[in-house]
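Read the structure below first, then the notes.
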Amino acid sequence: MFVRSRRGWELPERLAAPEEVYWSRRRLLRTAGAAPLFFFDSWLRGTEDVGGGSPSGPTPVAADLYPAPRNPRYTLDRPLTDERWATTYNNFYEFGAHKRIWKDAQALPLKPWRLRVDGLVERPREWEVEDLIRRLPLEERLYRHRCVEAWAIAVPWTGFPFRAFLDLVQPLAAARYVRMESFLLPEVAAGQRQSWYPWPYVEALTLEEAAHELAFLATGLYGKPLPPQNGAPLRLVVPWKYGFKSVKSIVRFTFTAERPKTFWSTVAGHEYGFWANVNPEVPHPRWSQRFERMLGGDDRVPTQLFNGYAASVAELYRGLEDEPLFM
Ligand SMILES: Nc1nc2c(c(=O)[nH]1)N[C@H]1C(S)=C(S)[C@@H](COP(=O)(O)O)O[C@H]1N2
Ligand SMILES: [Mo]
């Protein structure tokens, strides 16, 4: 995420490349001096970080439920991203404002994981997340994922439709939004000790969006329980929106009448809005959104309206044309 920051080592706007690899490369060049070029290549590809020396992670939640049957309705027009890439190149600001958080994220404790459901809902209550997961029918879906920074992946999520969760908790008629909050554990997550961010991470959807058949609550990835770096034990997946909407490691769902304030709109509201629907024609204030880079290869592919899901989601936004739907 390119957020304007007070720290001097970050890029001036005029140099902003569409993703953070560029920052890392600069930082590395500055510190590593005359190291041979092939080293930079393998470093940028992430190979140095994969394989040996992996820290052991937390015990996964409900591992016996995987793999779940694939729902054939959700297919892709592109190859799946290599699992190593999707699980070692991540945005998870709780663990740092860079992509190499996967090792640090192994410290996230997953048991117990209390999940609170409150606000305008028929049945406010608290769950142990494993009990909720065991109660809902898991399925696998192949989805695209498009980060606002212009990188993309295509992955098999396991989880359940958001709709099934709504049916279980029953929002009241007055509820118009669902607010989702991530954990707050600064002793575990170093990024949360950086006080300039408005922790915890919060995202929100309208209830119409949450009830849409594509809105998904993921518990697994590549036929296994979600690794912590991808948002274990439970994360949102809304594939027609920029990736920052898909909040990881949720601890609380609150149903509200008013539109909740979200993490990124608080940090930089002129760049990251509430709707954040993917649109190649609407540039980010500091870079174009016309193309995206598929992780794990050199493929640069054209970005599609609503990330390729327009036929199914465009109707959600009819009558809302005056809203900033694409930022
Ligand atoms: N709690 C939390 N959720 C988050 C983020 C984050 O920093 N914290 N980053 C978001 C962004 S910008 C993206 S692109 C996706 C990345 O998901 P992935 O690492 O599984 O690919 O998670 C989103 N969910
Ligand atoms: Mo993102």
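Check every one of the strands (runs of 3 or more DSSP E) wholly within the stretch 59-174 and list those with 3 or more residues that are aromatic (Phe, Trp, Tyr) and crowded, with 18+ Cβ neighbours inside 10 Å. So that I can check it myself, show each step before the final result.
Working: elements: 114-119, 125-128, 139-146, 151-161.
In the stretch 59-174, 151-161 are the strands (runs of 3 or more DSSP E) which contain 3 or more residues that are aromatic (Phe, Trp, Tyr) and crowded, with 18+ Cβ neighbours inside 10 Å.
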Per-region count, the stretch 136-169, residues out of contact with any Asp or Glu (no Cβ under 7 Å at 6 or more places or on another chain) and small (Gly, Ala, Ser):
3
Within the stretch 244-322, considering only strands (runs of 3 or more DSSP E) that don't extend past its boundaries, which have at least 2 residues that are more than 19 Å from the chain's Cα centre (by Cα)?
250-256, 300-302
Filter the stretch 175-208 for residues that are away from ligand 1 (no atom under 14 Å from the Cβ) and of a type in the set (Ser, Thr, Tyr); the one that is surrounded by the most Cβ atoms within 10 Å (Cβ to Cβ) is Tyr177
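Can you find a residue that is more than 14 Å from ligand 1 (Cβ to nearest atom), under 18 Å from Ser182 (Cβ atoms), without any contact (Cβ under 8 Å) to a residue 60 or more places away in the chain and within 16 Å of the chain's Cα centre (by Cα) anywhere in the stretch 214-234? Steps first, answer last, please.
Within the stretch 214-234, the subset more than 14 Å from ligand 1 (Cβ to nearest atom) is 214-215, 223.
Those still in the list that are under 18 Å from Ser182 (Cβ atoms) too: 215.
Retained after the next criterion (residues that are without any contact (Cβ under 8 Å) to a residue 60 or more places away in the chain): 215.
Next, only the ones that are within 16 Å of the chain's Cα centre (by Cα) stay: 215.
Scanning the stretch 214-234 turns up at least one residue that is more than 14 Å from ligand 1 (Cβ to nearest atom), under 18 Å from Ser182 (Cβ atoms), without any contact (Cβ under 8 Å) to a residue 60 or more places away in the chain and within 16 Å of the chain's Cα centre (by Cα).
Before we move on, is Leu325 touching a helix residue (DSSP H, G or I) at 6+ places or on another chain (Cβ under 7 Å) and open to solvent by less than 30 Å² (accessible area, probe 1.4 Å)? Show your work before the answer.
Working: touching a helix residue (DSSP H, G or I) at 6+ places or on another chain (Cβ under 7 Å): yes; open to solvent by less than 30 Å² (accessible area, probe 1.4 Å): yes.
Against the criterion (touching a helix residue (DSSP H, G or I) at 6+ places or on another chain (Cβ under 7 Å) and open to solvent by less than 30 Å² (accessible area, probe 1.4 Å)), Leu325 qualifies.
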Quick one: Val237 ticks every box in (1) under 16 Å from Glu323 (Cβ atoms); (2) within 13 Å of ligand 2 (Cβ to nearest atom) bar one, so which box is it?
(1)
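The values are calculated or read from the model by the stated rules, or taken from the named source; none is laboratory data. Computed from a predicted structure; not experimentally measured. With ideal geometry, Cβ positions are generated from the backbone for all residues, glycine too; neighbour counts draw on all protein chains shown. Just so you know, the surface numbers come from the protein's heavy atoms only, side chains and all, with ligands and any DNA or RNA stripped out. Shrake-Rupley method; radii C 1.70, N 1.55, O 1.52, S 1.80 Å.
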